[in-house]
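S.K.: Here it is, the structure, as structure tokens.
Any read-out appearing in this document is the output of simple, stated calculations on the displayed coordinates, not a laboratory observation. For clarity, every value in this text was computed on a predicted model and none was experimentally measured. Virtual Cβ from ideal backbone geometry, glycine too; neighbours counted across all protein chains shown.
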Amino acid sequence: MNNGDGNILEVKDLRTYFETEDGVVKAVDGIEFDLKRGETLGIVGESGSGKSVTNLSILRLIPTPPGRIASGEIIFDGQDILSLPQEEIRKIRGKRIAMIFQDPMTSLNPFLRISKQLMELTQLHLGYSKDQAYEHAIKMLETVGIPDARSRVDSYPHEFSGGMRQRVMIAMALSCEPELLIADEPTTALDVTIQAQILELIKKLKRETGTSVILITHDLGVVAGMTDHIIVMYAGKVFEQAPTRELFKCSGNPYTKGLLRSVPDPTSEQGALYQIPGLPPDVAHLPPGCPFEPRCERAEDICRKEFPPFVQLTADHHSLCHFAVPDSRDRAARHVRRQISNGAVDTIVHRARLGLMADDGAHRSRASHLAQKSGIRSCR
Ligand SMILES: Nc1ncnc2c1ncn2[C@@H]1O[C@H](COP(=O)(O)OP(=O)(O)O)[C@@H](O)[C@H]1O
Ligand code: SF4
Ligand SMILES: [Mg+2]
């Protein structure tokens, strides 16, 4: 089924709550977004902002109890996922919507050979015979860049490095050519060289297969060159949403600006990174006003008293703030904009270059010098 406006996914007023001893945790509280077929959406926010719960809700993987989807609609290819029977959901999961996680071992069974784990998917969802599934498993490992795939396909997960396991998980996710790939912090645990390679791989596979992607990360630098749209989440709410270029050019929200300032500036002489002061709030006990108020440099009296409006700034750009204005002169984000206007669309491209340079012995010392300046400690 193909709906008229080209959206593969429409999330409407989604609310996912957890009943805890401490009260009701409103992990996701009324979020809305669309994803067009073939596009990539970035979901960005600090830890605890509701990114993973949003995506687990899409796959109906919220543990119940303590969790429940209190309201909303999740329209995938014209069908409301929330009203489908479990049996139908199982047919969608892994086949039409696939997910990759930060830790590959959440998807890989340590006791089963890689070949078996890849084969199970295509045998179950695509009806492949054993031989077909085995050949397909090898092809998928080749696609994600596992060297010598035929001789390694029968290995166990522990025989692969962290980066290689991540590739295997991507191979599993893409095995059935899903229409939607959800990548939840797929590179957070990896060092910068591998991180860049994995992101490049997702980009390449997306180009080749046309799959739609949701990329979740706490790092705005990662999504800059990877996504068409970005939503910024905080305390279970969408704080800002915009086309990627617009968000980087003229963010309209103090929280997004804080995240932008946290993106490392590779040209800065000062290696230190900015961090938004304070900590994310306890979503079981939110104050009546803006949840970001205790940490916000722009806050005024009204922010403590009244919940902010979701202000439309341009056709496709919204910001949750009493003082939302598109601000292209924000000094805090200047270094990110400079990288964009220089054609180095994103920090990760910069990091990717560092990573690739670091692979090349001749450039290793220059790469590590730049890495130190931009606060990247794991560049080897
Ligand atoms: N099973 C659970 N029980 C209670 N609270 C949960 C559960 N899973 C997530 N939460 C809470 O929901 C909020 C959002 O979590 P999550 O979506 O994982 O954040 P992140 O943006 O880091 O992915 C957090 O406050 C978290 O503690
Ligand atoms: S509403 Fe007030 S506290 Fe919240 S982000 Fe805007 S200025 Fe800051
Ligand atoms: Mg998460």
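S.K.: Can you work out the Karplus-derived ³J(HN,Hα) for every residue in region 138-146? Use 6.51 cos²θ - 1.76 cosθ + 1.60 with θ = phi - 60°, whole Hz, and x for glycine or proline.
M.R.: 5, 4, 5, 5, 5, 4, 8, x, 7
S.K.: Counting only residues 5 or more places away or on other chains, whose amide H sits under 5 Å from the amide H of PHE239 once H atoms are built in the peptide plane?
M.R.: Amide H neighbours of PHE239, under 5 Å, 5+ apart: VAL232, MET233, TYR234.
S.K.: Going Cα to Cα from LYS249, which aspartates and glutamates come in below 18 Å? Please leave out same-chain ones fewer than 8 positions away.
M.R.: Straight-line reach from LYS249, under 18 Å: ASP219, ASP228, GLU240, ASP265, ASP316, ASP327, ASP330, ASP346.
S.K.: How large is the translational diffusion coefficient of region 116-173 in µm² per second when you combine the Kirkwood radius over alpha carbon pairs with Stokes-Einstein at 10 °C and 1.306 mPa s?
M.R.: 141
S.K.: In vacuum, with every alpha carbon of region 179-264 counted as one equal point scatterer, what does the Debye formula give for log10 I(q)/I(0) at q = 0.20, 0.22 Å⁻¹? Two decimals, please.
M.R.: -1.00, -1.17
S.K.: Rank by packing, highest mean first: peptides 277-285, 120-128, with packing defined as the count of other Cβ atoms within 10 Å averaged across residues.
M.R.: Ranking the peptides 277-285, 120-128 by packing returns 120-128, 277-285.
S.K.: Going by amide H atoms built from the backbone, whose H comes under 5 Å of the H on MET99, apart from near neighbours?
M.R.: Result for MET99 returns GLY94, ILE182.
S.K.: Rule-of-thumb check for region 36-178: C-alpha Rg over 2.2 N^0.38 Å? Present the calculation step by step, with values, prior to reporting the outcome.
M.R.: Working: Rg = 16.5 Å, N = 143, 2.2 N^0.38 = 14.5 Å.
For region 36-178, the normalised Cα radius of gyration comes out at 1.14.
S.K.: Go through 208-217, 144-153, 169-178, 234-243 and give me the packing order, highest mean Cβ count within 10 Å leading.
M.R.: Ranked by mean Cβ neighbours within 10 Å, highest first: 234-243, 169-178, 208-217, 144-153.
S.K.: Would you mind listing how long region 1-77 runs along its three principal axes, going by Cα atoms, in whole Å with the largest first?
M.R.: Principal-axis extents of region 1-77 (Cα, largest first): 44, 25, 18 Å.
S.K.: Just to verify a number: FRET efficiency for SER161 and VAL325, C-beta to C-beta distance, R0 = 35 Å, to 0.05? List each step's numbers first, then the result.
M.R.: Details: r = 47 Å, r/R0 = 1.34.
Calculated value: 0.15.
S.K.: Could you give the distance between the Cα centres of region 140-159 and region 37-64, to the whole Å?
M.R.: Taking the Cα centre of region 37-64 as reference, the centre of region 140-159 is 29 Å away.
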